Amino acid sequence: MIIAVIFLATDAEYEKLIDSAFKSMPNLSEENIDFRIPEADSIVQGSKTLLRNFSQIAEVARRDKKELMNYLTKELGAHLILDEGRLVISGKVNAEELNLKIKKFFEMYVICKECNKPDTHTESVERGFATIVCEACGARYSVKYY
């Protein structure tokens, strides 16, 4: 035997229930985001630029160092050499320009376009396009590969 109980609430009781429900929910707009795109730690030595924290940047991006190197090679139009976790760029490149290129890499290839989280990986590369898969929301999309 099923007994159905119907609760008839007044407008005031309903408002109290709604208020208590909203108070118990997390405020998504105030969600703490601890992810930050790393700043370039670079120094110009003669006609070369050293990116001293290159390994850290690739680690934060969760991408292979060669992927990031290929991207920076095309964006900067310069020859790059990986030397003990540092990147040696043939030519003088200021930190501001490096930061812009790194930010663009993260926005295009690391941060999910659906949920804006950095929990992505590159699944496949075919015909000049890479498939980016978000581990947080499951989104899949293609981007032009560098």
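A few comments on the model shown:
- Hits in region 36-75 - residues which are of a type in the set (G, A, S) and either in a loop (DSSP other than H, G, I, E, B) or crowded, with 17+ Cβ neighbours inside 10 Å (or both): A40, S42, G46, S47, A58, A61
- Filtered residue count, region 87-141, keeping only those that are free of Cβ contacts under 8 Å to residues at least 24 places away in the same chain and of a type in the set (K, R): 2
- Filter pass, L87 being assigned to a strand (DSSP E or B) and over 29 Å from T131 (Cα atoms): no
We did not get these values from a lab; they are worked out from the coordinates using the rules stated. Given the structure is predicted, the values throughout are model-derived calculations rather than measurements. Cβ sites come from the backbone with ideal geometry, for glycine too, and all protein chains shown count toward neighbours.
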